[in-house]
């Protein structure tokens, strides 16, 4: 009888997963060796440049935070199997030495099994609890995916805007240098005062500082891009970002559906997470209420032994069976304290849901108000830049006709370049506002991430 039990115990001990030690030096080496070329042929070669959707595809595969969240979902799902299992009985081996009134002694050997009788619905609640934990992990993963997408879009915007700004600042620096050379010549002729030359030289120094700041911002944007994708900076350096129309704010679809607000306020991952947390608190409350019914342990036992120290002891074996039942006596408490805690946690979970919904409501309101204002600011900057450009052209025509000086033309060119820089800044601000609108609705509103229209569909 003991042999099968021993075999079962040994089998349970042997069937264990192998060790998987982590070595920080090895993981660091693996991360340092990551390259975007590892994703081919799923994506075109990085040397051809990637658009937003292709960068997002790379981030979804390589971002370490997403890998961690996916592992958390797998771990939560694994707990569902544990919740569905039946509890194993406990085995108790014992030996007793008995002494009779006739002063004869004997050993009594036995074993007992302890079976826990689950409360009604306890196993179903455990399975539902595990399923809710999995849903919580899945909502966290969905939120993390969008956060990676938002960080990636912000990094890509910073890369292209810093690149465009650096190009214009280099032109502005060259124009400022030409103006300073012109001032030096005019100073020698006595046409201007030295203060004018010093003022223009100071403006040249400021432009140089702005250019250095833009170049530093471009380097930082590259680091942000690498972090969002999940690779070292060296893996993204030299890879072109294909987002040529990022400054064309007038092409962005500003129209939104009234249903998107309601959908975001009831279906965003934060709302789903809060709802599942409330359901989890409800399950915990049900479990605490069920504990008012005692948990019953059934303990069958079997014992055997001799009837004393006699010559025929081996041939005179006594046997007995027993059945024990144990349960908790609710004398000092009826679990009212734990039930009250569970009720309070459920109430807190309900208030948390309301607070999250209010925060999202405010975020959507702010995004919906900020986007039109940012778009109008960009339109005003474009209008001013067009006017400045026309003035520059008029100054150039006047110079060619001999009715103006070279310094006036340079000043007009500088004003036009500054106006184009203002347009770039307004475009970047508008793109950020548009990204905030996407974040509020948790849906892409423009670009290659949108699904392609079905064949035969009409726009």
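Every number in this text was worked out from the coordinates using simple rules, so none of it is lab data. Remember, it's a predicted structure, so these values are computed and weren't measured experimentally.
Here are the numbers for the structure shown:
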quantity	calculated
Stokes-Einstein D (µm²/s) once Rh is taken as the Kirkwood radius of segment 69-212 over alpha-carbon pairs, at 37 °C in 0.692 mPa s	136 µm²/s
Helix-only [θ]222 nm of the chain, DSSP H runs n ≥ 4, -39500 (n - 2.57) each, per residue, nearest 500	-23000 deg cm²/dmol
Kirkwood-based Rg to Rh ratio, the chain, C-alpha trace	1.25
Kirkwood Rh in Å, taken over all unlike Cα pairs in segment 134-243	17.0 Å
Crossing angle, helix 406-441 versus the chain [Cα axis fit, 0-90 degrees, rounded to tens]	20 degrees
Relative frequency of Cα-Cα separations exceeding 24 Å in segment 167-309, percent	74 percent
Rg to Rh quotient for segment 32-149, alpha carbon positions, Kirkwood Rh	1.44
Debye log10 I(q)/I(0) for segment 207-268, one point scatterer per Cα, at q = 0.12, 0.26, 0.28 Å⁻¹	-0.60, -1.02, -1.08
Rounded tilt (10° steps) of 336-400 against the dominant C-alpha axis of the chain	20 degrees
Angle in degrees between helix 194-229 and the longest Cα principal axis of the chain, rounded to the nearest 10	30 degrees
Globularity ratio of segment 176-226, using Cα Rg and 2.2 N^0.38 Å	1.68
